[in-house]
Each structure stands twice: as C-alpha cells, then as structure tokens.
Amino acid sequence: MSAASTASGWLHWFDRLDTDDAIRKAAYRAVTPVKGLQALPVERACSALDVAWSEVFVPGPRHIEILRMLVDQAKEYSLSVYPTLRDYNRRRSGEIETVREPYPIRCLTGLAGVSKSSLMQALVRICQVTPDSQFVTDSQRLTVHPARRISVQAHLSVRALLKSLSNPVAVAGRTMGDVSVLLAHVRDWFQATGTALLIVDEMQFYTQSGKASTKTAQLIMTLASPGIPLVYAANYSLVKKLLERPHEEKDRLLAHPIVLEPPDADSEIWRTVVGEYLAVAPEHFYLEVSAHAHELHRLTAGLFRILRQLLLEAYRVAVGRSARAVTMDDVRQAYRSAAFSSHRKDVEDLASLAVSGLIAPQRADLVCPFAPVRGLQRPMLHGRAAGNVEIGTIPPVAMLESTLSIDAQKTLRVLRQAADHPLRPNDATKVTPLPRRSTISAQTLREGAELLRGTLAKPKPSSAKRASPSSEPPTGRDRVETS
C-alpha cells in the first residue's frame, strides 16, 4: 500500500476491510422492529414486515469468502490504476494515459432467493467511502463510488443501462443515441469516480425469451468494455443459456463462476437469520429458534425469500382466525395453502433432487450448472462401462436429512453409531458351510422315477366317484435307461 493511504486517506475504504471479521461486521445488518401491526390492515402489515425482513443481512462464511474475493479484486485494480491521489488527478486530467486490460468477468449464481442481491448490496455498502460518497481533502471534494451496482430489472435496454451509470449532470436533457459515445462517457465517468468494481444484478430480466442468449451475452460484454472488474448475478436458467454460447464467449462469461448455496439447517447463519426475522415483531410470532428453525428450513429449503413468504402467509392465516400471534400450526397451514403452492413445489422438488436426479430435466432451474461430477470423485470399478458411471450433484447433507421424519432421523443416528463402532474380536461370527449336493447318478434317477409313479398311483380322498387308476404295467416310456 502506498504511503499516501492512511486511516482516512486515499483508498482507506479498502484498508478498513483488511480482515474477515471487519468484513463481517461491516456487512451485517440487523432487523428494525416493526410496531403497531395490529392497527394496520393485513396487507399493509405484511408489506411492512417484508420491507423490514428485506433489510436483514447476516453474512455467513461463504458470504464473507465472496466479499473478500471481490474486495481484494477491487483494491488490486485501484492500486494498479491510481494508487495515490496524485496519480488519480494525473489520470483524470489526461496527463497519464490509462491502458485498459481485460479483467475477469465473474458470474455469481445460485437459486432464486438465496440472497445474491442482498450480498451485492452489502458489497456496495461496505466499500462506500462515506454515507454521502464524498472524499474531501484540503483542496478537493470528490464523489467516489468504489463499487457500483445496477439492476437490469429496472433498465431493459443497453442505452438505459449506460445512462444510469453516467454522470447525471452530463446526460440531463441529452439524447445521446449513439451507444459508443455513451459508452466512452461511462468509461471516463468510472475513472472520475474511482469506480473499481461494477455489479450487474437481476440479469434474468433482460430478455424474456426462453432460449435467446445473444442479447444477454452482448450486454455483459458491453458493460465489461470500460475495462474495470465486473461481476454479474444470474440464476441457474440464465447460466445454462450462456453455456450454449460459442466457446470464445463462454471463456469470458463463465470462466470464473461463484456459486452461492443455501445454508444448512444446523448452520449458525440460518439460526441467526430466523432469530432476526422473529425479532421484527416478537409479540406477533410465537415461534422459537431452538424449537422451530430446523422445521422452517425443511419447509423453505433454506431459501431466505421463501422463508419470508412463508411467514407472511402464516401471518395472514393467523389474522384470518383472529389470533394475536402466529404459531407453528399457522406456518404449517400456510405451507399447505394455495397461495404458497408455487413455493411449495420448488421446496419439494429441491428435496427430491437432493435424493435423486430423476426430475432434473424438468427442473433445470433448480440444478446448479457448475456442480461437480460425482463419478469422477472415486475410481471406476474394474470392467465397468464408461456409460454407466454415475453422475449428478452431491446433495447437501443437512438438506437431505431435513426431509426425514423424526423416527427416520433417530434410526440414522443409530446407524451412524453402529458404523463408527469398531469390530471387536469376539464380534466375529462362525460360518457353518452348507453340505455339498450329492452327485446325480442313474440309480438316483431310477429311484426318483419309482417314487413319482408310486405317488401318482395312490388314490386321492376325493376320488371315490372317479374311475380307479389304471393297473396297466408301465410302458417302455416309463423306464429309465442305464448307461
């Protein structure tokens, strides 16, 4: 780090994030309690709850790992382009020409509702210079945006996206129809604002076509052309569309994936998030983290957005029966309700995919495109055909176990204890060999034939009214030839 960087000097916004604990504290955002819900109509109360829950962000180990990676990349870019304030001013004035090299394009992917957007918002928040984004020296006042985030959902054209990234004063009242001119302006504005990382969120809303990926690929390439590090958030479906692009495009768009998965049912982050959600209005939610966090995970697959929707529907159920607070019975009824049916289908399909890939072709939106190939993680059996190698995703253990009943979980614990118990010498069992079958000879065949004829010749109890068996001597066909 340059000597010009001090606790409150140039690039100090990266210095204060030098440890994982510092990132965790900066990214954490607790819930703001909501008061007076009983005085509000049910839908207004649900809206207030949803807004409060949307602000919650509890960074887990994977969140911190991703934030560390992206913060370090933004810091590296800033140090390479303008390590000191003097270098910044010289580049901004054109005294030093900026040589732009292509930086890796990173793809952040995960299930819908796994907190990708919340993670990107936290990244912008922790990199912010000051609450008003102002860096002030004795002679300068600069507006600095170390990380910029843009949501594609709100801007459905390249021109609109670039305008939202431009200097608002420069583009006010101007058409700027030429995309190349607008792109050059955005490049200069990024340098003027010290932008070291561009975040593109909600990419799945850019095109509504079920198969088209050309427009999406072109948009990502265009936004990466200013030459600063770029990370875009995409769901599994969009990633699979981009995987169908030509090889040279996939090398740029999908060579550096970042996969964010739901937390396990027993993880500390899940229990903390549930606790934060319940703390928004404790007098209206008679639920306990210790008693109900595991079941809430099973009913939501560990997805935070689905958890919010389930609790909101449970609140509607409780209000509908004129109850003062939500109980776990209300949550279970909400899970079975028609309003929650779409989310219930996703949760149950995720539970099925954790056990078997049978429905994977029908639910490609729930299957990670970057999952490891399980068959390559163990040696192939001798003589086994390559086409029979088992492939698929390794199901998260906690998600798989959360689908089991209480009795099944007890049985699983007993089996694990038995598997961990070493075999003692007196546990060995004596194996008694079975007697060998005697050799079949002509004599044994003759004796068997005579026994069979004697059995058939005996009259049955119910054959009194029938004709007596024939007493004719056996024919030659009944004889057994000896060799």
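The values are calculated or read from the model by the stated rules, or taken from the named source; none is laboratory data. All values derive from a computational prediction rather than experimental measurement. For neighbour counting, all protein chains shown are included, and Cβ atoms are generated from backbone atoms with ideal geometry for every residue, glycine included. Keep in mind that these areas ignore ligands, DNA and RNA; they rest on the heavy atoms of the full protein, side chains included. Shrake-Rupley method; radii C 1.70, N 1.55, O 1.52, S 1.80 Å.
Given the conditions (1) at pLDDT 65 or above; (2) of a type in the set (D, E, K, R); (3) part of a loop (DSSP other than H, G, I, E, B), and given that Asp330 satisfies all but one, which numbered condition is not satisfied?
Result: Asp330 passes all but (3).
Which of the numbered conditions does Ser157 fail, given that it passes all the others? Conditions: (1) open to solvent by 60 Å² or more (accessible area, probe 1.4 Å); (2) among the polar types (S, T, N, Q); (3) at pLDDT below 85.
(1)
Tally the residues that are out of contact with any Pro (no Cβ under 7 Å at 6 or more places or on another chain), open to solvent by 10 Å² or more (accessible area, probe 1.4 Å) and of a type in the set (D, E, K, R), restricting the search to region 177-205.
Selection size over region 177-205: 3.
What residue, among those in region 80-131 that are open to solvent by 50 Å² or more (accessible area, probe 1.4 Å) and acidic (Asp, Glu), is farthest from Arg308 (Cα to Cα)?
Filtering first and then ranking leaves Glu95.
Let's see how each residue does on (1) farther than 30 Å from Val58 by Cα; (2) in a loop (DSSP other than H, G, I, E, B); (3) open to solvent by less than 20 Å² (accessible area, probe 1.4 Å); (4) out of contact with any Gly (no Cβ under 6 Å at 6 or more places or on another chain):
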{"site": "Gln218", "(1), (2), (3), (4)": "yes, no, no, yes"}
{"site": "Met221", "(1), (2), (3), (4)": "yes, no, no, yes"}
{"site": "Pro226", "(1), (2), (3), (4)": "yes, yes, yes, yes"}
{"site": "Ala233", "(1), (2), (3), (4)": "no, no, yes, yes"}
{"site": "Leu238", "(1), (2), (3), (4)": "no, no, yes, yes"}
{"site": "Asp251", "(1), (2), (3), (4)": "yes, no, no, yes"}
{"site": "Pro262", "(1), (2), (3), (4)": "no, yes, no, no"}
{"site": "Ala265", "(1), (2), (3), (4)": "no, yes, yes, yes"}
{"site": "Gly275", "(1), (2), (3), (4)": "no, no, no, yes"}
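What are the residues in region 160-173 that are surrounded by 12 or more Cβ atoms within 10 Å (Cβ to Cβ) and in a loop (DSSP other than H, G, I, E, B), if any?
Within region 160-173, Leu165, Ser166, Asn167 qualify.
Counting only residues that are of a type in the set (Asp, Glu) and over 18 Å from Arg148 (Cα atoms), give me the helices (runs of 4 or more DSSP H) lying completely in region 9-117 with at least 2 of them. Break it down into steps so the answer makes sense when it comes.
On the way: elements: 12-15, 20-27, 42-54, 61-81, 85-92.
Hits in region 9-117: 20-27, 42-54.
Have a look at Leu49, Leu17, Leu40, Leu67 and point out the one that is closer than 21 Å to Gln309 by Cα and buried (at least 18 other Cβ atoms within 10 Å of the Cβ). Break it down into steps so the answer makes sense when it comes.
Numbers: Leu17 fails: closer than 21 Å to Gln309 by Cα; Leu40 fails: buried (at least 18 other Cβ atoms within 10 Å of the Cβ); Leu67 fails: closer than 21 Å to Gln309 by Cα.
The conditions single out Leu49.
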